[in-house]
Number of protein chains: 2
Amino acid sequence: MEKILKFVDEKKFIEARQELKKKNVVDIAELFEEVDKENVVKVFRVLSKDIAADVFSYMGHEQRRLIIESLTDKEISNIIEDLFIDDTVDFLEELPANVVKRVLKNASEDTRKIINQLLRYPESSAGSIMTVEYVDLKKEMTVEDAIKYIKKIGIDKETINTCYVLGDDRHLEGIVSIRKLILSDNDILIRDIIKTDFIYVNTLEDQENIAGLFKKYDLLAIPVTDNETKLVGIITIDDIVDVIDQENTEDFQKMAAMAPSDEEYLKTSVWTLAKHRIVWLLVLMISATFTGNIIKRFNDVLESVVVLTAFIPMLMDTGGNAGSQSSTLIIRGLALEEIGLKDIFKVIFKEFRVSSIVGIVLALVNFIRIYYFEKTNFLISITVCITLFFTILLAKVLGGILPIVAKKFKMDPAIMASPLITTIVDAAALIIYFSMASWLLRI
Amino acid sequence: MEKILKFVDEKKFIEARQELKKKNVVDIAELFEEVDKENVVKVFRVLSKDIAADVFSYMGHEQRRLIIESLTDKEISNIIEDLFIDDTVDFLEELPANVVKRVLKNASEDTRKIINQLLRYPESSAGSIMTVEYVDLKKEMTVEDAIKYIKKIGIDKETINTCYVLGDDRHLEGIVSIRKLILSDNDILIRDIIKTDFIYVNTLEDQENIAGLFKKYDLLAIPVTDNETKLVGIITIDDIVDVIDQENTEDFQKMAAMAPSDEEYLKTSVWTLAKHRIVWLLVLMISATFTGNIIKRFNDVLESVVVLTAFIPMLMDTGGNAGSQSSTLIIRGLALEEIGLKDIFKVIFKEFRVSSIVGIVLALVNFIRIYYFEKTNFLISITVCITLFFTILLAKVLGGILPIVAKKFKMDPAIMASPLITTIVDAAALIIYFSMASWLLRI
C-alpha cells in the first residue's frame, strides 16, 4: 500500500492504478483499512471503473461512509448502478438517514424503487438478504436461445450458475443449472430439462432456516418467492456463509449471557458492550440471592462445622461445569437439527447414564483426595462425595432437558446455557449438601 | 415412505421407483432413516441407477454401512464409480477395515489408487476433503473448444462453475469461471480470459484456514496444489459449509470444557460421551481445591462472621459470568479474525472501561438490595459490594487477555472460556473478599 500511496501523492495515477490492478478486489478493500482518512477518497478515485464498485462492496462500514460522503453525485450514481442490489441494501442499512437520502436521490428510478422495497423487509428475513439480479428463462426457449440470452444479460447478474424459469406473471415454474444447459444439446427445450422439485423460500422466511436449507440440500442459490410463488429474488451461498457465522456468533453470545449483536468487538462502543452485558448479569446476580438464602437457612449447620464451607466452591463449580457440558451439546444439536423435541427421553436417559459414570469417577477421585491426602473427617468426606455425585447427576440431566423445554416453548435454547444452569445447579447442590450434612453428621 | 414400503412389500417395484423419483435425493436419503434394518437394502435396490449413488452420499453412517454390507460386489462397484471421490473417502473413513477392503477391491484400479492417496492425507487437511473431479482446460483452447470439452467430460465433474487451466506437468496456471466462458465470444483464447491472481491452497493446509479463505474471497471452489503448485484437487463450497459447522461445534465443545468431537450427540455412545467430559471436569475439580484452601486459610474470618458465607455463591457466579462474557467475545473475534494478537492493549483498555461501568452498576444494585432490603450490616454490605466491583473488573480484563495470550502461545483460545476463567476468578474473588472483610471488619 505504501507504494500506491506514494504514487498517489506524486500524482502518478496511472502507475497507482496499474499497481492496484494486480491485486484481488478483496485484498484491495482490505488495504484501505491502512489508508488515512484524508487519503481514502483519493485512492478510491484511482481504482479503475470496472472494479471500483466491487472493491467498495468488500470495504468496512467506516471506509464506505467516508467515501460516500466525499464523492460527487455522479460518482455515487455510478457505484450504485454497478453494485448488486443486496450489497447496496447492506451498506445503506448502516448509513445515517441523510446520507441514505442522498444515495437514493442518485440512483436510477428503477434501482431506487427496488432498494426501497428491499429496505422494507424485516431484519434477518429472506427479503432483506436477497438480490434481484438473477437470470430468468422461459419454458419455450431452446438451450441455444437460453445461452444466447444469458450471453446478453448475464454480465449484470449476481450468478448465472442457476437460472430461473418463469411463467406468466413471473410465476416460478422451475430451475435449470448452467451445468445442465451446457451439458444439453442446443435444440432441447428448457421445458424438458427443467427441475420442478426445487427448494424455495418465502420473502419472510428467517435467515437461520434458509441457512439450514442450504446445508441440507447443498444449494448454491435459493429462489425467494412471494405468497403467490412469484419469483422476487434469489439468495446466494456467499451471503449464507455470512449468515451462518452471524447466527453462530449470536449463539455464542447468548450462551455467555449477553444480548446478541453482530457488530465487531473492536468496532463496538464501550457503552454498547456494557449495555449488552449488564441485564443478564443483574438477573443472574439476583437469582444467586436464592443460593445465598439457602446458606443462611442452614447457618446452624455451617456454624457447627465451618470446614464444610471450604468445599462449596468445588461443588458449585463442578456442578456448573457438568451442566454446561450437557446443555452445550444439546443446544448445538438443536441448532444443527440433529436433535428434535421428540428426542427428549432419549436425551434424559443418555445424560442419566453419562452422568452416573462421570459422577462415580469424580466422586471417587475426590474421596481419595480429601480423605486420604487432606485427612478430612470420614463423614465429611462421604458427605462431600455423595453431594458431588448427585450434583453432577442433576446438573447433566437438567442441562439435557432445559434447552429442549425452552425450544418446546418457542424460546431460544441458547439461553439455557452455562450461566442459567449454573445458577440453578448451585442452589440444588447446596440443598443436597446441607441436607446430607445434617443427616450424616447429625447436626 | 409407508406408501413406498407397501409397494416394495407387494413387489410393485415400478410403482415404488415412480414414487421415489418425484422426491429430492436429499429427502429420499432422509426417508431411509425411518426404514427398518431388514428393508433398507430392499428399498435401496428400488432406486433408479442414476440417483442411487447420489442418495447414498446423503445417507447417515449407519444406513450406508448396512447397505454396503448387503450389496453384491457388482453393485458396490457401480456405486463407487458413480460417487464423487470426496464422498467415497468420507464414507470409507467411518467403515470398519474389512469393509473398506471389500469396497476398494471392487473399485477400478484408477479409482482405488486415488482413494488410497486421499486416505493418506492427515485429518482436517485440504487433501482429506478435496475431490479430484474438476474440469481442466489448456491456455491454447478457444472458448468454443473449452465449452465443447466441458460438454464431453463435464457430467462426471463435481463442479463446472470454475475450470482450471493447466500447463505442462499439471502446473496450475490460472482459473476461468463458466460465467466468463459463457459471456466471452467463441473465438477468444482461454489465455486471454484466464484469471492468474487466483487463491489456492496446499494439500496440507488446515480446513479451518481454508474456510476462512472461502469467507474472505466469496469463493465457490478452491484449487488444491502440491508443493510444486501442480493441481491435485479442488474443494467445493458445500464441503466448506460442513467444515464451518464442524469447527464451530468444536469451539462450542472446547468452550464448555469438553474434548471436541464431530460425532452427532444421539449417535455417540455413553462411554465416549463420558470420556470426552471427564478429563476437564477432573482438572477443574482439582483446581477448585485451591479455592477451597483459600476458604480454609481464612477460616477465622468466616468463623467470626458466618454470614459472609452467604454471599460467596453470588460473588463467584457473577465473577464467572462476567469473565465468560468477555472471553467469549474475544474467542469468537479471534476465530473470525476480527481480533488479532496486536489488539491486546486495545482489548485490555476496552474491557477495563466496560467492566468499570458494569461493576459500578452491579455493585450499586447489590448494595441497595442487601443493605436496604435485606438489612445486612453496613460494613458487610460495603465489603460485599467492593469485592463485587473488583471481581468484575478482574474477571473481564482476564477474560479479555487470556484467549489472546493462549493464541500467542499457539494454544487454542477456546480453552480459555468460561470454565477455566471461572476457576481462576473464583479464587481471586475469595482472596479479595476475605482481605476486604478482615480489613474493614477488623477481624
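Numbers for the structure displayed
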item	result
Between 0 and 90°, nearest 10: helix A:237-255 axis offset from chain A longest Cα axis	20 degrees
Choice from A:Leu71, A:Leu308, A:Leu266 showing the highest fluctuation, given a GNM over chain A with Cα pairs closer than 10 Å	A:Leu266
Square roots of five times the Cα gyration tensor eigenvalues for the range A:55-149, Å	29, 16, 12
Rounded, prolate or oblate (a/c below 1.5 giving rounded, otherwise prolate when a/b exceeds b/c) for the range B:274-337 by Cα gyration tensor	oblate
Inter-centroid distance (Cα atoms) of the range A:367-443 relative to the range B:254-281, Å	20 Å
Bins of 5 Å from zero: percent of alpha-carbon pairs in the range A:136-236	2, 13, 24, 24, 20, 11, 5, 1, 0
Karplus 3J(HN,Hα) series, Hz, for the range A:350-362 with 6.51 cos²θ - 1.76 cosθ + 1.60 (x for Gly, Pro)	5, 5, 4, 6, 4, 5, 5, 4, 4, x, 5, 4, 5
Distance from the range B:65-142 to the range A:304-319 (C-alpha centre basis), Å	56 Å
Sparse-neighbour loop sites [GluC sites (Glu not before Pro); the range B:129-173; at most 10 other C-beta within 10 Å; DSSP]	B:Glu140
Cβ-based net charge around B:Asp317, under 14 Å, with every Lys or Arg adding one and every Asp or Glu removing one	-3
On Cα atoms only, tilt of B:270-297 relative to the major axis of chain B in degrees	20 degrees
Hypothetical label at A:Lys342: residues of the range B:34-63 whose amide nitrogen lies under 16 Å (7 Å Cα-Cβ projection)	B:34-37
Candidate lysines for bridging to B:Lys296, where Cα separation is under 28 Å - those fewer than 8 sequence places away on the same chain excluded	A:Lys296, A:Lys375, B:Lys375, B:Lys396
Cα long-axis angle, helix B:61-70 against chain B (0 to 90 degrees, to the nearest 10)	30 degrees
Within chain A, helix-based [θ] at 222 nm, where runs of 4 or more DSSP H residues each add -39,500 (n - 2.57), nearest 500	-20000 deg cm²/dmol
Förster radius 25 Å - calculated FRET efficiency between A:Tyr217 and A:Gln117 (Cβ-Cβ, nearest 0.05)	0.35
Förster radius 56 Å - calculated FRET efficiency between A:Lys152 and A:Ser356 (Cβ-Cβ, nearest 0.05)	0.25
Rounded, prolate or oblate (a/c below 1.5 giving rounded, otherwise prolate when a/b exceeds b/c) for the range B:33-98 by Cα gyration tensor	rounded
Distance between modelled label sites at A:Thr72 and A:Phe349, nm, 7 Å Cα→Cβ extension	7.5 nm
Label distances, nm, B:Ile199 versus same residue in remaining copies, Cβ-directed 7 Å point	2.3
Candidate lysines - alpha carbon under 28 Å from A:Lys101, same-chain residues fewer than 8 apart omitted	A:Lys37, A:Lys42, A:Lys49, A:Lys74, A:Lys113, A:Lys157, A:Lys267
DSSP-loop trypsin sites (Lys or Arg not before Pro) across the range B:1-49, with at most 10 other Cβ within 10 angstrom	B:Lys11, B:Lys22
Chain A: mean projected area of Cα convex hull, nm²	29.7 nm²
Sparse-neighbourhood loop sites, GluC sites (Glu not before Pro) in the range A:1-107 - DSSP loop, at most 14 other Cβ within 10 angstrom	A:Glu10, A:Glu93, A:Glu94
Residue with peak Gaussian network fluctuation, chain A [Cα springs, cutoff 10 Å], from A:Thr159, A:Thr236, A:Thr289	A:Thr289
Listed residues A:Ile85, A:Ile155, A:Ile240, most fluctuating in chain A (Gaussian network, C-alpha, under 10 Å)	A:Ile155
In nm, spacing of pseudo-spin labels at A:Asp169 and A:Ile188 (7 Å Cα→C-beta vector)	3.1 nm
Copies compared at A:Phe352 - label distances in nm, ascending, label defined 7 Å from Cα in the Cβ direction	5.4
Residues listed by number, the range B:60-82, amide nitrogen under 18 Å from B:Phe13 label point at 7 Å toward C-beta	B:67-68, B:70-79
Estimated FRET transfer efficiency when R0 is 25 angstrom, pair A:Asp300-B:Phe378 (beta carbons, to 0.05)	0.50
Chain A - charge dipole about Cα centre, Lys and Arg +1 at Cβ, Asp and Glu -1, debye rounded to 20	1540 debye
Other copies of B:Leu364: label-to-label distances in nm, shortest first, labels 7 Å along the beta-carbon direction	5.4
Rg/Rg_globular for the range A:113-191, with Rg_globular taken as 2.2 N^0.38 Å and Rg from C-alpha atoms	1.23
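Read-outs: derived from the displayed coordinates by stated rules, not from any lab. From a predicted model like this one, the values you see are computed outputs, not experimental measurements. Positions of Cβ are backbone-derived with ideal geometry, glycine not excepted, and every protein chain shown enters the neighbour counts.
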